[in-house]
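The values are calculated or read from the model by the stated rules, or taken from the named source; none is laboratory data. Just so it is clear, the model here is predicted, and its values are computed rather than measured. Neighbour counts run over all protein chains shown; Cβ positions are idealised from the backbone, glycine included. Just the protein is used for accessible areas: all its heavy atoms, side chains included, with ligands, DNA and RNA removed. Shrake-Rupley method; radii C 1.70, N 1.55, O 1.52, S 1.80 Å.
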Amino acid sequence: MSMLNVENLSVHYGIIQAVKDVSFEVNEGEVVSLIGANGAGKTSILRTISGLVRPSSGKIEFLGSEIQKIASRKIVASGLSQVPEGRHVFSGLTVLENLEMGAFLNNNRDENKANLKRVFERFPRLEERKNQDAATLSGGEQQMLAMGRALMSQPKLLLLDEPSMGLAPIFIQEIFDIIQDIQKQGTTVLLIEQNAQKALSIANRGYVLETGKVVLSGTGEELLASDEVRKAYLGG
Ligand code: ATP
């Protein structure tokens, strides 16, 4: 079943067209990856799905309802959560306080407690550091915190914007393992990455973007094996 359906999406910033007539879908239970170089329009697509940027044209359907004109907080409440590029953890707040911010739409204390327990089970390192200022975490730990914060709202669809950016190789592997784990536990994932090799190796399907357009799509395996992707993104 299609969980997210993006149809003929275009995004403009003034006269600059960042996204050009892009269509793709994410089915329930999948990890779908959008890959592309700097400036290809990946972040603009994610921010438009989250309601932070308005499209100039096109349609976005989430769980059967059109959301392209809906307020961002309502979109989150309907089951979609985004981990932004660069993580954006709140410095000056502890790890625990950051996680609590992820649950701000839910007044049910028991549910929030259960969600926190699940996040700590998945990220034991966050529990060990729960009283530490978020700004003092390493880059990889901040990425875990940003993912944990997004999971506090129990999203059906998790949007990840370049989770491996700027991380040491050992953390990169860990982050991709965690994404697979999140999928196994029933959350659907839309993953945006410049690390095409890693992203496509865990993706069920993927789309390749160039200057705002989808130029190729297929299963993760097909894209990894395709000459175009190998030449442009995998150095081969
Ligand atoms: P990156 O990997 O570098 O983040 P990206 O694929 O996510 O790239 P976007 O950030 O979506 O790409 O940018 C797509 C295009 O839109 C770029 O040409 C960028 O300069 C432009 N753009 C993005 N945000 C804005 C903005 N707020 N105002 C003007 N132009 C913007």
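Of all residues in region 190-216, those that are among the acidic types (D, E) have Cβ atoms under 9 Å from Cβ atoms of residues that are assigned to a helix (DSSP H, G or I) and surrounded by fewer than 23 Cβ atoms within 10 Å (Cβ to Cβ), 6 or more apart or on another chain, in E210/A232. Could you list all residues from region 202-236 that are β-branched (V, I, T) and farther than 17 Å from A37 by Cβ? I202, T219, listed by residue number. Scanning region 140-167 for residues that are farther than 14 Å from P84 by Cβ and open to solvent by 30 Å² or more (accessible area, probe 1.4 Å) yields S153, Q154, K156. For the residues R125, R230, the requirement of being free of Cβ contacts under 8 Å to residues at least 12 places away in the same chain and assigned to a helix (DSSP H, G or I) singles out R230.
Loosely packed, with under 15 Cβ neighbours inside 10 Å, in contact (Cβ under 8 Å) with a residue 12 or more places away in the chain and more than 20 Å from I182 (Cβ to Cβ), is that true of A18? No, not satisfied. Only residues that are open to solvent by less than 40 Å² (accessible area, probe 1.4 Å) and within 16 Å of the ligand (Cβ to nearest atom) were counted across region 173-199, and they come to 6.
Restricting attention to region 83-110, the residues that are under 19 Å from L126 (Cα atoms) and not hydrophobic (A, V, I, L, M, F, W, C) add up to 11. Quick one: which residue in G86, G64 is on the phi > 0 side of the Ramachandran plot, within 16 Å of the ligand (Cβ to nearest atom) and open to solvent by 10 Å² or more (accessible area, probe 1.4 Å)? Going through G86, G64 in turn, the sole match is G86. Total residues in region 47-61 satisfying the condition of being open to solvent by less than 10 Å² (accessible area, probe 1.4 Å) and under 16 Å from G212 (Cα atoms): the figure is 2.
Within region 29-46, which residues are more than 8 Å from the ligand (Cβ to nearest atom) and open to solvent by 10 Å² or more (accessible area, probe 1.4 Å)? Correct list: G29, E30. In region 89-129, the qualifying residues are those that are loosely packed, with under 14 Cβ neighbours inside 10 Å and of a type in the set (K, R), and the one that is nearest to the chain's Cα centre (by Cα) is K117.
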